[in-house]
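No value in this document is a laboratory result; all are computed from the given coordinates. It should be emphasised that the depicted structure is a prediction, and the values quoted were computed from it without experimental measurement. Here the Cβ positions follow ideal geometry from the backbone for every residue, glycine too, while neighbour counts run over all protein chains shown.
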Amino acid sequence: MVLAVILSGIGPVLVRDSPVDPAATAFWRMFLGLPMALYLIRRSVLLPPRAMFGVAVAGLLLAGDIVCWNSSIKRTTILESTTLVMVYPVITVVASYLLYKERIGLRFLAGGGFAFLGMLLMMGPAGRRGDAALTGDLLALAAAGFYAVSLMISSRLCRVYNPLVVSFWLIFWAAIGAAPLGLMEQRTFPGTLHGWVYIVAYAALTLAGYCLFNRGLKVVPTSLASLMGYGQPVVAAVLGFFFLNEVPTWNAVVGGLVIVGGLVLATRQPPEVAPAEAE
């Protein structure tokens, strides 16, 4: 799970310099990983019909997440895009309440309130780069919504079925969902050998990250996986600073810290009470 978080932090930097446009990048990183994913599950490919439907929905939602997030990275800073998309745990809890009537505690309400204030600060007027940056921030929030619902479905499937099989169908349907948007963009295909190598390497990185993450979901609670994911903006921001010379604004840094602090508070599980020793 930790390695998956590190690999996911490299992704935004690769998106920024991708040889194709955002939706096409989303398609190729999914599509090119399918042969290896299929090889890994060659002995067992199909899931029960109900699970196949569920993973198809999760995959299409994942496509929406990736396309929105890639577009966000092109329009705003890597720190803002990667931090705002991390609000998906809050959306997950709210969706769980609406769908499954799961209880929402005071800790979540307080943490969610702090995260909301952090979002307002991060998206405030100080140091803005115009409407494009604001659009990028909103796209990141939309990506968070898509990913939250996709994660709810896929995490339940990974606890019952082989995570590698779930990963394959997630990638398959994500590629199907991103393909139409990618074909409508100007730069759909890499024009050089270097571009193809770049995209293939990004696809391999994506496959490794998803397989590691979904395998971790088999034993790691979704809430803990969400907490560990907060390391992604740190990795992405550090790489963006060194490789893209991207220096975050003060409101982005402060807002990001407030958001992460609020999310940690909102999703932190209460400590387990140790059993009393027998006298």
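Within the set of other residues whose C-beta is less than 14 Å from the C-beta of Met86, count the net charge using Lys and Arg as +1 and Asp and Glu as -1.
-3
Could I have the simple spin-label model distance between Arg156 and Leu46, label points 7 Å from Cα toward Cβ, reported in nm to one decimal?
Inter-label distance under the simple model: 2.3 nm.
What distance in nm separates the two pseudo spin-label positions at Leu3 and Leu193, each 7 Å out from Cα along the beta-carbon direction?
Going from the Leu3 label point to the Leu193 one covers 3.1 nm.
Set Lys and Arg Cβ to +1 and Asp and Glu Cβ to -1, take the dipole of region 2-267 about its Cα centre, and tell me which of Tyr198, Ser96, Gly209 lies farthest positive.
Going by the Cα projections, it comes out as Ser96.
Tabulate in residue order the Karplus-calculated ³J(HN,Hα) for region 103-118, using 6.51 cos²θ - 1.76 cosθ + 1.60 with θ = phi - 60°, rounded to whole Hz; enter x for Gly and Pro.
Coupling constants for region 103-118: 5, 10, x, 5, 4, 5, 4, 5, x, x, x, 5, 4, 5, 4, x Hz.
Considering the dipole of the chain built from charges on the beta carbon (Lys and Arg +1, Asp and Glu -1) around the Cα centre, which of Ile6, Pro35, Thr188 is farthest to its positive end?
Pro35
Please list 73-85, 54-66 highest first by mean number of surrounding beta-carbon atoms within 10 Å per residue. Spell out each step's value before the answer.
Working: 73-85: 26.8, 54-66: 22.9.
My ranking of the peptides, most packed first, is 73-85, 54-66.
Apply the a/c threshold of 1.5 to the C-alpha gyration tensor of region 47-93 and tell me whether it is rounded, prolate or oblate. Let's see the in-between values first.
Values: a/c = 5.00, a/b = 2.06, b/c = 2.42.
Oblate, because a/c is 1.5 or more while a/b does not exceed b/c.
Any idea how far the Cα center of region 193-263 sits from the one of region 20-83, in Å?
Distance between centres, Cα-based: 15 Å.
Within region 80-116, list the trypsin sites (Lys or Arg not before Pro) lying in a DSSP loop whose Cβ has at most 16 other Cβ atoms in a 10 Å radius. Could you put the intermediate results ahead of the total?
Numbers: sites: Lys101, Arg103, Arg107; in loops: Lys101, Arg103.
Here the trypsin sites (Lys or Arg not before Pro) that fit, given the DSSP loop and packing criteria, are Lys101, Arg103.
Which of (1) 21.6; (2) 22.6; (3) 19.2 is the computed Kirkwood radius over Cα pairs in Å for the structure on display?
(3)
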